[in-house]
Ligand SMILES: CC(C)(COP(=O)(O)OP(=O)(O)OC[C@H]1O[C@@H](n2cnc3c(N)ncnc32)[C@H](O)[C@@H]1OP(=O)(O)O)[C@@H](O)C(=O)NCCC(=O)NCCS
């Protein structure tokens, strides 16, 4: 076994900014309601001709530049997304080719907003076991295109963006421990029902908007708080660490109140937690790598820091990774 570390980070969000006041024009909602219930002020939405791979590509280029690497130096490309360019081929294949590394391993991972946590665990394992020396891991989403434009309960929540990290084999090991979990017994809590093999899109689906995101917000809220806490505790226990050892918490940015509740239980002061939900909303699998890229960029994450990445989402699914920044 070898170790793994992150040698480059980068993120990209579309130019178009939708603030809460813009949403007031389209829905029976208010800046005050959105801010107090979610902590969101703005989100970035992709243009009509921007697809998930375009965002992923922009973030990937930045991460490669940060790592001072050429795309051909990378052995495998992984895109975590719930809304790929196509049902197939995988978005990662498109990204790798456009980067100029067409003959490498490339695949997508779909586990909704937990995507980056699962992706980091899988990619780290591939590097630590010696299968690949370098992996480009990307979280990228364009969920503004998948929300139900008639549902104010979900349409206000999601933003678009991408974050990328370059993982590389290393003598010292950044990967300290991971906890992943899923419970598929209640898919109706958070799903897109139509468009897969169970319910191909038909006229009824289009009429009832079952080809768009459906969420039971209150249930998901309760689940999210519980699982963020449990997953963080478990990942730390596997790493032989305690809450007191954590220097930086980088949570999935779904709701400021969910993050606050988890921080309270974990007894973490707010300056230990990276929160950018005000600017981006919920960017699903992209939210954690975007937050990491920003925090590395402005010095909130420093060499030697112990980080906990924690997320949750559709599945239902959840996970946390304890990580030493080198
Ligand atoms: C979605 C969420 C913000 C809603 O907040 P909430 O406090 O639970 O609100 P509720 O869903 O109970 O709705 C309360 C009221 O606000 C209304 N409401 C919903 N969206 C609204 C909006 N955008 N503006 C104004 N009112 C809204 C509801 O219709 C409801 O009205 P009613 O009481 O007359 O029926 C919250 O449940 C949440 O964040 N859940 C977790 C979502 C999440 O994290 N999803 C992603 C997982 S990766």
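Specify whether the C-alpha gyration tensor of the range 176-324 places it in the rounded, prolate or oblate class, a ≥ b ≥ c being the square roots of the eigenvalues: rounded for a/c under 1.5, otherwise prolate if a/b is larger than b/c and oblate if not. Note, shape of the range 176-324 comes out prolate.
Over the chain, dividing the summed -39,500 (n - 2.57) contributions of all DSSP H runs of at least 4 residues by the number of residues returns a 222 nm mean residue ellipticity of -10000 deg cm²/dmol. For the range 1-51 and the range 198-235, compute the distance between their C-alpha centroids and round to whole Å. Comparing the Cα centres of the range 1-51 and the range 198-235, I get a distance of 18 Å. DSSP beta bridges confined to the range 3-172 are antiparallel in about 70 percent of cases.
Relative to one another, the C-alpha centroids of the range 238-298 and the range 92-167 are positioned 19 Å apart.
Extent along the principal axes, Cα only, for the chain: 55, 47, 37 Å, with the longest axis given first. With contacts taken as Cα pairs under 8 Å at a separation of at least 6 residues, the range 49-95 carries a relative contact order of 54 percent. For the range 129-177, the relative contact order is 47 percent, taking Cα pairs closer than 8 Å that sit 6 or more residues apart in sequence and dividing their mean separation by the residue count.
Among 272-278, 252-258, the peptide with the highest mean count of other Cβ atoms within 10 Å heads the list, and the full ranking is 252-258, 272-278. Beta bridges assigned by DSSP with both partners in the chain are antiparallel in approximately 70 percent of cases. Relative protection proxy for 152-164, 238-250, from highest mean packing down: 152-164, 238-250 (other beta-carbon atoms within 10 angstrom). If you run the Gaussian network model on the chain, springs between alpha carbon atoms under 10 Å, then out of 171, 110, 203 the most flexible one is 203.
Of the residues 37, 128, 212, the one that moves most in a GNM of the chain with alpha-carbon contacts below 10 Å is 37.
Fully extending the segment from residue 226 to residue 202 would add 4.9 nm, taking 0.36 nm per residue of separation and subtracting the current Cα-Cα distance.
Computed over the chain with a Gaussian network model linking Cα atoms closer than 10 Å, the most mobile of 270, 293, 53 is 270. Under the criterion of Cα pairs below 8 Å and six or more residues apart, the relative contact order for the chain equals 26 percent.
Since every read-out is calculated from the coordinates, none of them should be taken as a lab result. This is a predicted model, so every value here is computed, not measured. We place every Cβ from the backbone using ideal geometry, glycine too, and count neighbours over all the protein chains shown.
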